[in-house]
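Taken together, the values in this text are just the output of simple stated rules run on the coordinates, not laboratory data. All values derive from a computational prediction rather than experimental measurement. In this analysis, Cβ positions are derived from the backbone assuming ideal geometry, glycine residues included, and neighbour counts consider all displayed protein chains.
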2 protein chains.
Amino acid sequence: MRGRVVLLTGLPCSGKTALSRRLAERIGERACVLDGDEVRKTLCADLGFTREDRETNLRRIGFVARAVARTCGTALIAAIAPYASSRTELRAACEADAVRFVEVHLHAPMPVLVKRDVRGRYHNVPGFTGSDAPYEVPASPELRLDTSTLELDVCVAAVEAVL
Amino acid sequence: MRGRVVLLTGLPCSGKTALSRRLAERIGERACVLDGDEVRKTLCADLGFTREDRETNLRRIGFVARAVARTCGTALIAAIAPYASSRTELRAACEADAVRFVEVHLHAPMPVLVKRDVRGRYHNVPGFTGSDAPYEVPASPELRLDTSTLELDVCVAAVEAVL
């Protein structure tokens with residue numbers, strides 16, 4: 001059995017990290033979280049936030065995720081992944097590897113996101129996704145979850161049902 | 001059970017790729033090969049052959065390998081990995097992850113390596129490891145194999161015995 005790549009995509013503060021961690025706990029030792037914020041301190045420490053760098057960022061994360069999935073693990077990617085073309089490329093690469101790919105779009109109304117953003121980045125960081133950098137909403141993700149109305153456990157159950 | 005990271009290190013044409021592939025076949029679906037030459041076309045396409053870039057190259061491969069091993073897979077790294085400090089760093093990172101690390105040094109006499117090098121890179125490529133770029137011989141690898149005297153199947157059996 002090949003493994004799976006689960007992409008949790010959405011604006012900052014949409015709940016990607018929390019959901020990925022809870023899912024990893026539930027799935028157990030075969031799961032790993034690849035968190036965009038964490039990866040930028042290590043594998044992608046050389047990258048910035050231009051479109052090209054964001055594309056490279058997801059491509060590298062995808063490389064890791066596919067290696068995990070090819071060896072029967074479940075890679076949970078928690079990353080903004082703002083560009084549709086990048087997500088499509090990742091999906092195609094997974095399919096080429098005969099690895100399952102599941103795209104989950106997390107969202108919430110902007111006032112909720114801004115309220116969750118305790119560091120005030122939506123207002124203060126230049127080039128921040130959702131304020132002055134684009135986020136292309138997924139057209140047909142396997143799952144779309146409004147984290148302002150759904151409890152975390154409900155979101156976890158929904159993803160598990162799709163897997 | 002956590003997985004394993006196996007580093008096959010050695011000069012060009014020492015037999016790393018062949019051994020990694022045979023081992024992957026033997027181990028089965030939980031194994032993946034991370035080949036230095038392949039990775040330079042994808043995850044590390046931006047890197048050259050300076051010391052710093054070679055260090056970054058192994059660091060990125062190590063990032064992938066550890067993710068595979070943390071999810072119970074076996075990552076087989078076939079890479080020159082010329083610097084002792086880089087290999088030590090990878091070992092420490094694996095230990096921090098509670099992942100088994102096995103270093104295998106492949107070697108053969110230089111005339112044998114040059115004869116295997118059908119593309120003549122030992123003579124023609126500037127900065128080639130073993131001709132005008134350094135290779136720091138591992139001081140205490142888990143295994144050291146002379147691929148000029150040992151058949152491939154013997155090498156496979158030796159690595160399996162250590163794993």
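Phi-derived couplings, Karplus 6.51 cos²θ - 1.76 cosθ + 1.60 at θ = phi - 60°, listed residue by residue for segment B:127-140: x, 6, 5, x, 9, 10, 10, x, 10, 8, 5, x, 7, 8 Hz, with x used for Gly and Pro. Working note: Karplus 6.51/-1.76/1.60 with θ = phi - 60° gives segment A:55-65 the couplings 5, 4, 4, 5, 5, 5, 4, x, 4, 5, 4 Hz, where Gly and Pro are set to x.
In what order do B:Arg70, B:Arg26 fall by count of nearby beta-carbon atoms within 10 Å, going from fewest to most?
Ascending Cβ contact count within 10 Å gives the list B:Arg26, B:Arg70.
Taking a straight Cα-Cα cut-off under 22 Å and skipping sequence neighbours fewer than 8 places away in the same chain, the lysines within cross-link reach of A:Lys16 are A:Lys41, A:Lys115. Note on A:122-130: average number of Cβ atoms from other chains within 10 Å of each residue's Cβ is 0. Here is the P(r) of segment B:119-163: all C-alpha pair distances, binned every 5 Å from 0, give 5, 18, 16, 16, 18, 16, 9, 2 in whole percents. The distance linking segment A:30-62 with segment B:97-163 is 32 Å (Cα centroid to Cα centroid, whole angstrom). From least to most packed, judged by other beta carbons within 10 angstrom and beginning with the fewest, B:Val68, A:Val99, B:Val162 follow the order B:Val162, A:Val99, B:Val68.
Ignoring the sites themselves, chain A has its longest run without GluC sites (Glu not before Pro) in a DSSP loop having at most 14 other Cβ atoms within 10 Å at A:30-135.
Relative contact order of chain A, taken over Cα pairs closer than 8 Å and 6 or more residues apart, is 34 percent.
What is the percent of Cα-Cα separations in chain A that go past 22 Å? In whole percent, the long-distance tail amounts to 38. Only helices enter the 222 nm calculation for chain B: every DSSP H run of n ≥ 4 contributes -39,500 (n - 2.57), and dividing by all residues gives -13000 deg cm²/dmol, rounded to 500.
Per residue of B:41-51, what is the mean number of Cβ atoms on other protein chains within 10 angstrom of that residue's Cβ?
Counting other chains' Cβ atoms within 10 Å and averaging over B:41-51 gives 2.
Note on chain B: GNM, Cα springs under 10 Å; of B:Thr17, B:Thr56, B:Thr149, the largest mean-square fluctuation is that of B:Thr149.
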